Amino acid sequence: MRHEVRFSGFGGQGIILSAVILGRAAVMYDGNYAVQTQVYGPEARGGASMSAVIIDDQPILYPKVTTPDIFVIMSQEGYEKYGVQAGENAVMILDSSLVHSRPRCRYVEIPATREAKQTLGRDIVANIIMLGALVKVSGVVGETAIERAILDSVPKGTESLNLKAMKLGFELAEKGNTV
Amino acid sequence: MTYADWLREDRLPHIYCAGCGNGTVINCTLNALDRMGWKKEETIFVSGIGCSSRAPGYIVTDSLHTTHGRALAFATGIKMANPALHVVVFTGDGDLAAIGGNHFIHACRRNIDLTVVCMNNQIYGMTGGQGSPTTPRGALSTTTPYGSQEPAFDLCELASAAGANFVSRWTSYHVKELTRAVHTGFETPGFSFIEALVQCPTNYGRRNKFRNVMDQIEYFKTHGILLQKVKRLREEGKPIPDDAIVLGDFVQRNRAAMGVRR
Amino acid sequence: MQGNTACAEGALAAGCRFFGGYPITPSTEVAEHMAAKLPKTGGVFIQMEDEIAGIAAVIGASWTGMRAMTATSGPGFSLMMENIGFAVMTETPCVLVNIQRGGPSTGQPTMSAQGDMFQCRFGSHGDYSIIALSPSSVQEMYELTIKSFDLADRFRVPVFLMADEIIGHMRERIEIPPSVPRVERKPLARGVLPFHPDEDLVPGFPQFGMGYGVHVTGLTHDERGYPCTTSPSLHEELVKRLVAKIESARHEIADYRVTNPDAEVVFITYGSPARSVEQVIHDNPSDRVGHLRFRVVWPFPEKTLWEFPNARVFLVPEQNLGQMAREIERHTSVPVISLPKLGGALHTPEELKRAMEAWR
C-alpha cells in the first residue's frame with residue numbers, strides 16, 4: 001500500500017529532518033520501502049520548505065509524490081503553497097498555532113509550536129510533536145519504529161526531550177480536534 | 001655532483017634562447033637539491049605553462065607539466081597525497097601571478113610544504129613578449145606598446161603577506177645567494193617562495209634598452225639593493241630609488257604548515 | 001541513505017583516499033561526507049580555492065597512486081573543463097561526480113537537470129573520449145561510484161558519474177555489500193616506455209615516487225612522455241589512440257538494463273527519468289512497453305538499440321532539450337522522439353503515458 005506524506009512549513013522548523021526520520025522508521029524498523037525527497041530554495045531559514053516521503057511495502061519506482069494522502073503542515077505559507085491542493089480523501093495534521101486556514105479534507109489540529117514552547121520549553125521540537133501526532137493519526141509507521149528513528153536522528157543529549165515531544169504528539173493526536 | 005646527473009641528456013638541446021636566465025636558475029636549484037642529498041625517486045618537479053615551466057621536462061625525476069597557472073594546485077594534490085615526496089615547483093611571473101594568482105595566495109595561506117622557484121622575466125616570453133603582472137611601469141612589451149600603465153606586483157611581499165614560511169628574492173646575477181636561498185627553501189618546512197629575476201633577451205631586453213644579455217645582468221647587479229639596506233634607508237627617512245630591486249630574505253618563520261613529512 | 005552520501009560511501013568502499021573539491025549545491029554532501037570519513041581511513045580531504053584547483057589536486061594525487069575524486073555541479077563542472085582535458089591527455093585515472101542542476105550559468109542551484117551530458121563528453125577542447133555513468137537510484141549512486149573507479153583505473157581516463165539533483169538528494173533504502181572487489185591500476189612494466197600502450201591501447205601506470213623518472217605533460221608527447229608538438233603524425237597517432245582505447249571497448253564498457261525487448265514502443269532513459277518510466281511499465285503491464293536504461297552513457301553503446309528488434313519508436317525523456325535523443329538518432333533508423341523537460345521537475349508517469357499513447 002503506497003502512502004505519500006507531504007511535510008511543509010518554513011525553513012528551520014525541521015521539515016526535511018521530519019521526513020528523513022519518517023522514512024528511516026519505515027525502512028529500518030518497519031522493513032518497508034521509502035523514498036524521501038524535498039524541494040528547497042536558497043534560504044536555510046524562513047521561506048516555504050517542503051519535503052515528502054513515500055512509504056510502500058513494494059519497491060518505489062516513481063520517487064516524487066503526486067497525490068499525497070497525508071499532509072503535515074506547519075506554516076500558513078506552507079499551507080498555501082503545498083496544503084491547499086489536498087484531495088478530499090487526504091488527512092492533514094496541521095500546527096494550529098501557526099496555520100489559520102483549514103482544508104476540505106479531514107484534518108487534525110495540533111498546537112505543536114505552542115505546546116513545544118509552553119510544555120517542553122523548546123519550540124525546536126515542534127516538528128517531533130507533529131511526527132508523533134502523524135504516526136498516531138495515520139499509523140503509517142509503527143510507534144516503536146518512529147521512536148527508534150527519532151533516537152537515531154537527534155543530537156546527543158536531546159533524546160529525552162525529543163521522546164517527550166513525540167509522546168506529547170501521541171497525546172495531542174488522541175484528544176486533538178479532528179474535523 | 002654535476003648538473004648532468006640531474007638532466008635528461010636525451011632531451012637536449014633545450015628550447016631556451018641564447019642568453020636566457022632560466023638555465024642559471026635551474027642550475028642553482030639542482031645544486032641546492034644535490035646539496036640536500038635528495039634522491040631522484042623521491043623528488044617531484046611540477047610546473048605550469050611558460051618558458052620556466054618547461055624546466056621539469058629536462059630533469060630526470062618524475063615530473064608533472066600541467067596547465068597554465070595551476071601548478072600549485074596539482075603540486076598540493078601530490079604533496080598532500082604523499083608527504084614523503086619532495087615537491088618542487090618551477091613557475092614564471094605570468095603563470096604564478098596572473099592566471100595562477102589565486103592558487104599562489106592560497107598555497108601560501110595553507111603554507112603547504114612546497115618549494116616554489118619563480119623565474120620572473122617580467123614578460124610573457126613563450127608567447128612572444130606580452131606584458132605580465134610584474135612588467136615594470138613604463139616598460140615596453142607587445143601589449144604595452146606605449147609603456148606599461150599598470151603598477152607591478154611585488155611577489156615577495158605578496159607571499160609574505162599570504163603566509164609563506166620562507167620568502168626570498170635574488171636574480172640570475174646572484175648565483176651563490178640564489179642557490180643558498182633555494183637550499184634554505186628546501187630545508188624549511190612549509191611553503192617556500194624564491195623569486196629569481198631573470199633576463200629575457202629575446203622578448204624583454206631587446207625592447208627595453210638592454211642591448212645585450214650582459215646589460216641586463218649588469219642592471220640586476222647595479223640596481224639590486226639588500227632588504228636590510230632598504231629598511232635602514234626607510235628608518236633614516238632617506239629615499240629609495242623607484243627602480244631598486246629589493247633582494248634578500250623577506251620572511252623566515254615557522255607558521256603551522258600542511259603536508260610536512262611526519 | 002541519501003544519494004550523495006551513498007556516492008561518498010561507494011567511493012570509500014572502492015578505496016578512494018583523496019578528495020579535492022569546492023562546495024557547490026547540490027553536490028556538497030559528497031564533499032561533507034568525505035571530509036568526515038576520509039581522515040579516519042588514512043585518506044586526505046582538501047577543500048581547494050576553486051573547482052579548477054580541486055580537479056588539479058585530484059590529478060596530482062592520482063599520480064601518487066591514490067584513488068582520487070572530486071564532486072561538483074554545473075558552474076564548477078564548467079571550471080574544471082581545461083584540467084579534464086589535461087587528465088585525458090596525460091591518461092590520469094580520476095573520478096568526477098556531477099550532481100547536475102539547472103543551467104546555463106548559475107541557473108537553478110537546487111533543482112534537478114541533465115543538461116551536462118554533452119559537456120562531459122565534449123566540454124574540453126580537442127578530440128577525446130571519456131566514460132560517463134548515470135545512476136537512477138541511491139543504490140546505483142553507491143554501485144556506479146565504485147564502478148567509476150574501476151573503469152578509471154582500467155582505462156586510465158577521467159570517469160564521470162553524471163547524477164542529477166533528484167538522485168543526489170533523494171533518500172531511499174540501500175543494501176551495502178560486505179566487501180567490494182577492485183580492478184587494480186596496471187603498473188608500468190620495467191623497461192617499457194611510459195606511454196607505450198599495451199594491446200588494449202592502455203599504457204601501464206608509472207606511479208610517481210617509484211623511480212620511473214617519468215615526465216608527464218599535457219603537451220603532445222611521444223612514448224617517452226617527451227613533448228613533441230610539431231609532428232602531425234605523432235599527434236594524430238596519440239589522439240587516435242586516446243579515443244580508440246575507449247571507443248573500441250565501448251561494448252565491454254556498456255552497462256544497461258532491458259525491459260520487454262519485444263516491445264514496439266520503447267523508452268530510453270538514464271538517471272532519474274528512468275524512475276518515471278518504470279512506474280509507467282508497472283502501472284500498465286498489459287501494454288508491454290519497452291525500456292532501455294543506460295547505466296553507462298558514454299562511450300555510447302549503440303548496439304544496445306538492437307535489443308529491441310520490433311521497435312517502432314524510441315521515446316527519450318530527459319531533463320534537457322534532447323541531448324542523448326540526438327545521439328540515439330545518429331545510430332538508428334527508428335524514429336526517436338525527444339521528451340524534454342526543464343525546470344527541475346521529473347516527468348510524471350501520466351505525462352509519459354500520454355506520450356506513449358500517441359504512438360500506439
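Leaving ligands and nucleic acids out of the surface, order C:193, A:163 by accessible area at 1.4 Å, largest first.
Details: C:193 80, A:163 30 Å².
From most accessible down to least: C:193, A:163.
Among DSSP bridges having both ends in the protein assembly as shown, what percentage is antiparallel? Round to the nearest 5.
Details: 38 of 118 bridges.
Looking only at bridges with both residues in the protein assembly as shown, the antiparallel portion is about 30 percent.
Add +1 for every Lys or Arg and -1 for every Asp or Glu among the other residues with Cβ under 15 Å from the Cβ of residue C:320, and state the total. Intermediate values should be presented prior to the final figure.
Details: positive: C:101, C:121, C:326, C:341; negative: C:116, C:164, C:165, C:318, C:327, C:329.
After counting each charged neighbour, the total is -2.
What average count of beta carbons from other chains do you get within 10 Å of the Cβ of residues in A:60-70? The partial results should precede the final answer.
Numbers: counts 7, 12, 14, 14, 11, 0, 4, 0, 0, 0, 0.
So the per-residue partner count for this stretch is 6.
Residue A:57: accessible area at probe 1.4 Å, nearest 10 Å²?
Solvent-accessible area, nearest 10 Å²: 80 Å².
Probe radius 1.4 Å, ligands and nucleic acids left out: can you give me the accessible area buried at the C-B interface, summed over both chains, in Å² to the nearest hundred? List each step's numbers first, then the result.
Numbers: alone 14600 and 12110 Å², together 24010 Å².
What C and B bury together is about 2700 Å².
Probe of 1.4 angstrom, ligands and nucleic acids ignored: what's the accessible area per residue over chain C, in square angstrom? Kindly include the intermediate steps, with their values, before the conclusion.
Working: 12480 Å² over 360 residues.
On a per-residue basis, 35 Å².
Ranked from the most accessible area to the least, with a 1.4 Å probe and all protein chains present, what is the order of A:62, A:33? Could you put the intermediate results ahead of the total?
Values: A:62 10, A:33 70 Å².
The most accessible residue leads, giving A:33, A:62.
Which translational diffusion coefficient, to the nearest whole µm²/s, is obtained for the stretch B:213-262 from the Stokes-Einstein equation, given a Kirkwood hydrodynamic radius over C-alpha pairs, 25 °C and 0.890 mPa s?
Values: Rh = 13.5 Å.
The Stokes-Einstein estimate is 182 µm²/s.
Work out, in µm²/s and without decimals, the Stokes-Einstein translational diffusion coefficient of the stretch A:13-149 at 4 °C, 1.567 mPa s, Rh from Kirkwood over C-alpha pairs. Provide the component values of the computation, followed by the final result.
Numbers: Rh = 15.2 Å.
For the chosen part, D equals 85 µm²/s.
Quickly rank C:337-344, C:43-50 as a protection proxy: mean count of other C-beta atoms within 10 Å, highest first. Before the final figure, lay out each step's value.
Values: C:337-344: 17.0, C:43-50: 20.0.
Per-residue mean Cβ counts within 10 Å order the peptides as C:43-50, C:337-344.
How long is the protein assembly as shown along each principal axis, judged by its Cα atoms, biggest number first, in Å?
Principal extents (largest minus smallest coordinate, Cα): 95, 69, 51 Å.
Quick one: of the DSSP bridges fully inside chain B, what percent are antiparallel, nearest 5? Show your work: numbers first, answer last.
Details: 7 of 37 bridges.
Just about 20 percent of them are antiparallel.
In the stretch A:1-108, which GluC sites (Glu not before Pro) are in a loop and have at most 10 other Cβ atoms within 10 Å, using DSSP for the loop call? Walk me through the numbers on the way to the answer.
On the way: sites: A:4, A:43, A:77, A:80, A:88; in loops: A:43, A:88.
Within the stretch A:1-108, the qualifying GluC sites (Glu not before Pro) (loop, at most 10 other Cβ atoms within 10 Å) are A:88.
State, to one decimal in nm, how far the label point of residue B:211 lies from the label point of residue C:354, with both points 7 Å from Cα in the Cβ direction.
8.4
Across the residues of A:25-38, average count of Cβ atoms on other protein chains within 10 Å?
Numbers: counts 0, 1, 5, 1, 0, 0, 1, 1, 2, 3, 7, 6, 8, 4.
Mean number of neighbouring Cβ atoms from other chains: 3.
List the chymotrypsin sites (Phe, Trp or Tyr not before Pro) within the stretch B:120-187 that DSSP assigns to loop and that have no more than 16 neighbouring Cβ atoms inside 10 Å. Before the final figure, lay out the partial values.
Numbers: sites: B:124, B:146, B:153, B:166, B:170, B:173, B:186; in loops: B:146, B:153, B:173.
Taking the stretch B:120-187 and a limit of 16 other Cβ atoms within 10 Å, the loop chymotrypsin sites (Phe, Trp or Tyr not before Pro) found are B:146.
Can you run the Rg to Rh ratio on the stretch B:22-228? Use alpha carbon positions and the Kirkwood inverse-distance Rh. Please report the intermediate quantities before stating the final value.
Details: Rg = 16.0 Å, Rh = 16.8 Å.
In the stretch B:22-228, Rg relative to Rh is 0.95.
Restrict the search to the stretch A:102-179; then list the trypsin sites (Lys or Arg not before Pro) that DSSP places in a loop and that have at most 12 other Cβ atoms within 10 Å of their Cβ.
Values: sites: A:104, A:106, A:114, A:117, A:122, A:136, A:148, A:156, A:164, A:167, A:175; in loops: A:104, A:122, A:156.
Of the trypsin sites (Lys or Arg not before Pro), the ones in loops of the stretch A:102-179 whose Cβ has at most 12 other Cβ atoms within 10 Å are A:104, A:156.
Let me have the relative contact order for the stretch C:108-211, percent, based on Cα pairs under 8 Å that are six or more residues apart. It would help to have the intermediate numbers written out before the result.
Working: 113 pairs, mean separation 24.9, N = 104.
The normalised contact order for the stretch C:108-211 reaches 24 percent.
Under 8 Å for C-alpha pairs, at least 6 residues apart: give me the relative contact order for the stretch C:256-357, rounded to a whole percent.
Values: 182 pairs, mean separation 33.3, N = 102.
Relative contact order here is 33 percent.
Which of the peptides C:327-335, B:37-45 is most tightly packed, and how do the rest follow, going by the mean number of other Cβ atoms within 10 Å of each residue?
On the way: C:327-335: 14.3, B:37-45: 17.2.
So the order, starting with the most tightly packed, is B:37-45, C:327-335.
Across peptide C:166-178, what mean number of C-beta atoms from other chains lies inside 10 Å of a residue's C-beta?
Details: counts 3, 1, 0, 6, 8, 14, 11, 12, 1, 0, 0, 0, 0.
For peptide C:166-178, the averaged partner shielding equals 4.
Taking the Cα centroid of the stretch C:244-292 and of the stretch B:68-99, what is the distance between the two, rounded to the nearest whole Å?
Spelled out, the Cα-based centre of one part sits 45 Å from the other.
Whole-Hz ³J(HN,Hα) for each residue in the stretch C:128-134, computed from phi via Karplus 6.51 cos²θ - 1.76 cosθ + 1.60 with θ = phi - 60°, x for glycine and proline: what do you get?
Computed from phi, the couplings for the stretch C:128-134 are 6, 9, 9, 10, 9, 10, 9 Hz.
Taking the highest mean first, how do the peptides C:299-306, C:82-89 order by number of other beta carbon atoms within 10 angstrom per residue? Working shown, then result.
Details: C:299-306: 17.5, C:82-89: 23.0.
Peptide ranking by packing, descending: C:82-89, C:299-306.
As I understand it, the dipole of chain B uses +1 on the Cβ of Lys and Arg and -1 on the Cβ of Asp and Glu, about the Cα centre. Which of B:78, B:205, B:185 lies farthest toward its positive end?
In chain B, that residue is B:185.
Sort all Cα-Cα distances of the stretch C:181-241 into consecutive 5 angstrom bins from zero, then give the percent of pairs in each bin up to the one containing the longest distance.
P(r) over the stretch C:181-241, rounded to whole percents: 4, 17, 26, 23, 17, 8, 3, 1, 0.
Relative contact order for the stretch C:1-253: what percent, with Cα pairs under 8 Å and sequence separation of 6 or more? Intermediate results must be reported in sequence, preceding the final value.
Working: 532 pairs, mean separation 50.1, N = 253.
Relative contact order, the stretch C:1-253: 20 percent.
Probe radius 1.4 Å, ligands and nucleic acids ignored: give me the carbon and sulfur share of the accessible area of the protein assembly as shown as a rounded percent.
Details: 15940 of 30780 Å².
Heavy-atom surface of the protein assembly as shown belonging to carbon and sulfur, 1.4 Å probe: 52 percent.
Using each residue's phi in the stretch C:162-168, evaluate 6.51 cos²θ - 1.76 cosθ + 1.60 at θ = phi - 60° and report the 3J(HN,Hα) Karplus result to the nearest Hz, with x for Gly and Pro.
8, 8, 10, 4, 4, 5, x
What fraction of the DSSP beta bridges in chain C is antiparallel, stated in percent and rounded to the nearest 5?
25
The values are calculated or read from the model by the stated rules, or taken from the named source; none is laboratory data. All of these numbers come straight from a predicted model, not from anything done at the bench. A quick note on method: Cβ atoms are made from the backbone with ideal geometry, for glycine too, and the neighbour counts reach across all protein chains shown. We work out accessible area using only protein heavy atoms, side chains counted, and drop any ligands, DNA or RNA first. Shrake-Rupley method; radii C 1.70, N 1.55, O 1.52, S 1.80 Å.
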